[in-house]
Amino acid sequence: MNEEFLNKMKIYLQSEYEDYLKSLENEAYKGIRVNLLKTTPDELQEQLSIPLEKTPFSKEGFYIPSDEKLGKTIEHLQGLFYIQEPSATSVIEVLNVQNGDWVLDLCAAPGGKSTQIASKLKESGFLLSNEVVSSRANVLMMNMERCGISNAIITNSYPDELCEKIQGWFDKVLVDAPCSGEGMFKKKDQALIDWSQSHVESCAQRQIKILNSAYKTLKKEGVLVYSTCTYSMEENEMVVSEFLKNHPDMKQVSCDVEFGRDGFSYGYCDGSKVRRIFPMDKGEGHFIAKMIRLSEPLYSKKQILSSPVSYEAKLFLNEQLSLHDYNLIQIKNRVYLSKDSFINLDHIHVLREGILVGEVQKNRFEPNHHFYMSSYLRPFLCKTVDLNREECLSYLKGLTLNRPCEKGYVALLYRGNVIGFGKSDGTVIKNKFPKGLRI
Ligand code: SAM
């Protein structure tokens, strides 16, 4: 094992160091978080055949047995829950998202915290989820789609470029920073062997840079939460201290939660106001600090995006939805729906804004999985077919369903929640479940 790393842990943990060493031998804590946009903890417990044990970190978070693999279950593919390390759910409790908030998640992939933010916003307000690495941004988009999120923009941009365009817009900003990941180590991991102090220090430099960008996007009284899944003071208290030193108009406030423990006081960072979670606190590890902006920011102007939309898309929506009050835009042949106005983020790579309804293709309209998965649109879907468990499993394998029903596109439900959609010719339903998701 890496002696230099362990020596640092000995200093941080003192009498608990031996407990930490034991935790490196154990299986990692495993958990799920219930997606409140689609279900409740009680309903989900009824549907899953495994015990769900509450965690101290969030009401929607539960421990699951470490050998459970739930990724290909119907309930996961329906977006009823998100598989998430239990202590990772703590951060959004500190962010304390309220109805109507404008929230920025600057380092968002694979989407654990963005989907949790959306589940707290309950279709109100607005979420901007950004991820700089494009392959990871695509995973973020798939998770947001699965969880049925409708009121978000997903971008793939460097924080400094993005933040220039969105100055002064946000009530809540999360920087869940890329870090050296010490909270993820287990005894035999290569990452533990490869650990180096110089990597920790380069992560700290990057974290300060990201925080400086995030600062610009806060409203006056806006809340900034900084979190990592690492233990080093260099990437935690020292980063917060450096940031506070450079921004005297930012005030550190208490995380105001019951779980975890105090951190260390260093420079401008008050250790009693941050939260640290070690494996001895029943999660793999997190650091959280909370700050508020006291000054008036510079504001970027919000520009609304509008565009004409093809007749085929409007016809499709009239047939499929009992809802008629929404905004539409079309970008090339793709049509998007939002209950609020579309925002124009000029020169920023936007992967998704609102709900992707589908694509106009040679005088016809091909709907997208996202349209049917959206929790906002679920009560307004007019054409639905209830599947039994066997039919649902066949659907997930990509098979055609022998099921007479009304002709055209239909939403397919299992126990009241959408699993996907198909196209019926009256007697069979052609499978439209995305190929990459099939089991
Ligand atoms: N918040 C995510 C969640 O809960 O699922 C986890 C975020 S992870 C800790 C940090 C993310 O920051 C990674 O997806 C990584 O690709 C991204 N990242 C890497 N370098 C970055 C940079 N220079 N600026 C912003 N984000 C970066």
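The values are calculated or read from the model by the stated rules, or taken from the named source; none is laboratory data. All of these numbers come straight from a predicted model, not from anything done at the bench. Ideal geometry is used to build each Cβ from the backbone, glycine not excepted, and the neighbour counts take in all protein chains shown. Ligands, DNA and RNA are excluded from the accessible area calculation, which covers all protein heavy atoms including side chains. Shrake-Rupley method; radii C 1.70, N 1.55, O 1.52, S 1.80 Å.
Values for this structure:
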{"item": "Net +/- balance of residues flanking L305 in space, Cβ distance below 14 Å, scoring K and R +1, D and E -1", "result": "+3"}
{"item": "The chain - mean residue ellipticity at 222 nm from DSSP helices (-39,500 (n - 2.57) per run, n ≥ 4, rounded to 500)", "result": "-8000 deg cm²/dmol"}
{"item": "Folded to 0 to 90 degrees: helix 311-320 orientation relative to the chain principal axis, Cα", "result": "90"}
{"item": "Table column - 3J(HN,Hα) (Hz), region 187-202, Karplus curve with 6.51, -1.76, 1.60, x for Gly and Pro", "result": "3, 8, 5, 4, 4, 6, 5, 7, 3, 8, 5, 5, 5, 4, 5, 6"}
{"item": "Residue among L140, L356, L377 with the largest mean-square fluctuation in a Gaussian network model of the chain, springs linking Cα atoms under 10 Å", "result": "L377"}
{"item": "Candidates H286, H247, H369, ranked by Gaussian network fluctuation over the chain, Cα under 10 Å, top entry", "result": "H247"}
{"item": "Rg/Rg_globular for region 1-73, with Rg_globular taken as 2.2 N^0.38 Å and Rg from C-alpha atoms", "result": "1.51"}
{"item": "For region 322-439, alpha-carbon Rg and Dmax in angstrom", "result": "15.3, 48"}
{"item": "Flagged links, alpha-carbon separation over 19 Å, of K22/K188; K30/K59; K22/K186; K120/K273", "result": "K120/K273"}
{"item": "Lysine pair number, Cα distance threshold 25 Å (strictly under), region 315-439, separation 8 or more or different chains", "result": "28"}
{"item": "Space enclosed by the convex hull of the alpha-carbon atoms of region 37-139, per residue, Å³", "result": "112"}
{"item": "The chain shape via C-alpha gyration tensor axes, a/c threshold 1.5", "result": "oblate"}
{"item": "Region 89-183: C-alpha gyration tensor shape, a/c 1.5 cut-off, then a/b vs b/c", "result": "rounded"}
{"item": "Where N is the number of residues in region 147-187, Cα Rg divided by 2.2 N^0.38 Å", "result": "1.64"}
{"item": "Cα shape, region 204-269, gyration tensor, a/c 1.5 rule", "result": "oblate"}
{"item": "Mean accessible surface per residue for the chain, computed with a 1.4 Å probe while every protein chain stays in place, in Å²", "result": "43"}
{"item": "DSSP bridge orientation in the chain - percent antiparallel, rounded to nearest 5", "result": "75"}
